[in-house]
Amino acid sequence: MTTLPQIDQDQEVRTSQEEHHEDFRMFGLATFLIADGMTFAGFFAAYLTYKAVNPLLPDAVYELELPLPTLNTILLLVSSATFHKAGTALKIDDSKNCRKWLLITALLGLAFLISQMVEYFTLPFGLTDNLYASTFYALTGFHGLHVTLGALMISIIWWQTRSPGGRVNSHNQFPLEATELYWHFVDGIWVILFIILYLL
Amino acid sequence: MTISLDNSKEGETKSLQPKGWLRYFSFSLDHKVIGLQYLVCGFIFYLIGGLLASAIRIELTSPLSDFLPRDVYNQVLTLHGTIMIFLWIVPVVNGAFGNYLIPFYVGARDMAFPRLNAVAFWLIPPSGLLLISSYFITGAAQSGWTAYPPLSITTPAAGQMIWILSVLLLGGSSIFGGINFIATILKLRRPGLKLMQLPMYCWAMLGTSILIVLSTPVLAGTLVLLSFDIVAHTGFFNPSLGGNVVVYQHLFWFYSHPAVYIMVLPAFGLVSEILPVHCRKPLFGYTTMVYSIMAIVVLGFVVWAHHMFTSGTPPWMRLFFTIATSFIAVPTGIKFFNWVATLWGGRISLNSAVLFSCGFIVNFVLGGITGVALAQVPFDVHVHDTYFVVAHFHYIVYGGSVFVIFSSIYHWYPKVTGRMLNEDLGRFHFALTFIGFNLCFAPQHWLGLNGMPRRVAEYDPQFTFVNQLSSVGALIMAISILPFLWNIIQSTFRGPVSGNNPWNALTPEWLTSSPPPIENWIGPPPLVKEPYGYGRNNKDSNEITTDT
């Protein structure tokens, strides 16, 4: 039995222009999000270690207020649902509803950022006050950066779903699907962050 | 959902990419061009890192710091470590050979994400220049490639910040590359090609890419926190502000221990490609090789704290990490014995590629043995931060990875250029490298056992002779690069034409012309189900001519 490759010489020469393959951009994005999640995992691990081994002085302990971050959690969870509605609308080429839900999602993201800023300005500690303050701002700030990027991407998708003229439609759903996956990821991270930072 | 690769006509495709030498300086999307860009760029940084190593060895020929001022010595050793790891070994064993070979091995015409691939490469030269330029602008970082705080917080900030930025860029490049390899190997395989039929290098790259994707982001996050400490005066890792330096060490080694496997697993894969071809035997124990790579990937994540046995690590942690680290010797040992068994009874042609591969096996087993020794707490606490550790990891990363890089260059040079290298010069290069390397690093075991600390420009005069011996070895290593460079340069123009498959190899990259056409195959990609099926029919085993 020969081990040489089975090259079909008679088959006509094909070039890549005719070859089609599965779209694995979502796979690549998911891999990237796993990597991104590991950054958060590193921050969480650092925070929990600090909590376990670096006790604070009694006068430096703060009880974090819960109402605002709870509101933030609700905002983000609702925005995940509205983004999903936008995706469903795009699949049936319902551009009007898709744009409506995208706009709502972007506004919810913006509301989250504003609410986060309000919390920052009302907190009794600053970035360099102590270790917990620094970790708090690093974690929420890094997450806020993700929300900012997400809100910008949603705005771009919203612009690109305009009809006529937009590039995102039922034939090219990838930009919206990718942003949606990213947005769900950012929401999921927030839920973990909320539990670890505010509830534990 | 399907997408087509390119809708443009043949003529237009050609005009998009520059031809000839110019394409190696362009934002080319061809995986073969990107692979060579990685290789040549990495090699230039290797020469720079080698010059820095020479400066270190010249300084250490005398016990006093007379050649370099102390702070310059610290900068030089920091740059040497960072350049060799992040700009030479990691980009070359992953980026260079991975980009060149993986699409061939999975039967594809390019990587899964060609543009991301080009971006990943083009992040490297700027960050390398950024890193080196810091030496001339403000003075480079002085805290070693580990950048442990509080040293990295108290040494001059500008150099350290440039170092952090540069490593963040290189980490990003590495992650992009890793995502690309995972997608290419898992998703872009030619229909009909099963995972367990892939050449071993694919498995090594899959394991390495998993390590990169899961561990590099942790380093990135850590370095961002460190830069906050330096610039914004937060106290994450600053004990005087309530921070904790050991947390930095945990986070850093969570990346940097897997980084050792990121440097050496691809080398394992490359050796597994080279040996069967030149021994005319199938790779011994394919399945165990695959499982041992995956075992190393899993174990690689739970051994990091063996770098921290002297950092006040609690006893249970010492015990756990000693045992976990010792376990790594099992899959590594399996691979070692599989290579020996591949060589055993083979029709070995002792050409330069095989010599370097065998040199790798010898060096790597020595480095592996000292590694097992270092994993034991009672031993490690005595030799921690001494030259014993320096000797150990140079046996792994130079004796291991760099030997394999040279072996791979000798093996795949005919593929890339269509010409043969000069074997005599190659063997001479091997002899110089092997002798120089062992003369340079073997004595350092003795230095470490006798208590000479690493990363210090001055030392006790009783160590003078052995240090001079080591420096002579370094000189031979430095000279050894000359026959190699001459060989590469003159063979590119005057080397004998190799033909398409000078080694009679069966792996897919040899089943096209040398050098390969722009999309790898004219006609459909071949289906290679037995990449190591050597010696299984008479025709194959009788027609072996590997000498030129």
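Read the figures in this text as sums done on the coordinates, not as results from a lab. Here the structure is a predicted model, which is why all the values come from computation and not from measurement. Virtual Cβ from ideal backbone geometry, glycine too; neighbours counted across all protein chains shown.
Only one of the numbered conditions (1) in contact (Cβ under 8 Å) with a residue 24 or more places away in the chain; (2) closer than 27 Å to A:H171 by Cα is violated by A:D94, and that is (1).
Listed here are the residues, each with its yes/no results for (1) closer than 30 Å to B:F236 by Cα; (2) surrounded by 15 or more Cβ atoms within 10 Å (Cβ to Cβ); (3) within 14 Å of another protein chain (Cβ to nearest Cβ).
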residue	(1), (2), (3)
A:L108	no, yes, no
A:L127	yes, yes, yes
A:G141	yes, no, yes
A:H171	no, no, yes
A:I195	yes, no, no
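Is it the case, given these coordinates, that B:T417 is within 30 Å of B:L350 (Cβ to Cβ), of a type outside the set (A, V, I, L, M) and surrounded by 21 or more Cβ atoms within 10 Å (Cβ to Cβ)? For B:T417, the condition - within 30 Å of B:L350 (Cβ to Cβ), of a type outside the set (A, V, I, L, M) and surrounded by 21 or more Cβ atoms within 10 Å (Cβ to Cβ) - is not met.
Within the range B:446-468, does at least one residue satisfy the condition of being farther than 22 Å from B:G144 by Cβ, out of contact with any Ser or Thr (no Cβ under 9 Å at 6 or more places or on another chain) and aliphatic (A, V, I, L, M)? Looking through the range B:446-468, at least one residue is farther than 22 Å from B:G144 by Cβ, out of contact with any Ser or Thr (no Cβ under 9 Å at 6 or more places or on another chain) and aliphatic (A, V, I, L, M). Restricting B:E509, B:E519 to residues that are within 14 Å of chain A (Cβ to nearest Cβ), farther than 18 Å from B:H278 by Cα and touching a helix residue (DSSP H, G or I) at 6+ places or on another chain (Cβ under 8 Å) narrows the list to B:E519. The criterion of at least 2 residues that are without any contact (Cβ under 8 Å) to a residue 60 or more places away in the chain and among the small types (G, A, S) is met, among helices (runs of 4 or more DSSP H) falling completely within the range B:66-154, by B:124-137.
For the range B:422-478, enumerate the residues that are in a helix (DSSP H, G or I) and among the polar types (S, T, N, Q). If the condition is that a residue be in a helix (DSSP H, G or I) and among the polar types (S, T, N, Q), then B:T433, B:N438, B:Q444, B:Q462, B:T464, B:N467, B:Q468, B:S470, B:S471 are the ones that fit. Taking B:I153, is it out of contact with any Pro (no Cβ under 8 Å at 6 or more places or on another chain), surrounded by fewer than 23 Cβ atoms within 10 Å (Cβ to Cβ) and not aromatic (F, W, Y)? Criteria not met by B:I153. Number of residues in the range A:168-182 that are more than 12 Å from A:L29 (Cβ to Cβ) and either among the hydroxyl-bearing types (S, T, Y) or assigned to a helix (DSSP H, G or I) (or both): the value is 2.
Residue-by-condition table, conditions (1) farther than 30 Å from B:F428 by Cβ; (2) surrounded by fewer than 21 Cβ atoms within 10 Å (Cβ to Cβ); (3) out of contact with any His (no Cβ under 6 Å at 6 or more places or on another chain):
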{"site": "B:R280", "(1), (2), (3)": "no, yes, yes"}
{"site": "B:V302", "(1), (2), (3)": "yes, yes, yes"}
{"site": "B:S311", "(1), (2), (3)": "yes, yes, yes"}
{"site": "B:A324", "(1), (2), (3)": "yes, yes, yes"}
{"site": "B:I334", "(1), (2), (3)": "yes, yes, yes"}
{"site": "B:F337", "(1), (2), (3)": "yes, yes, yes"}
{"site": "B:R347", "(1), (2), (3)": "no, yes, yes"}
{"site": "B:V354", "(1), (2), (3)": "no, no, no"}
{"site": "B:V365", "(1), (2), (3)": "no, yes, yes"}
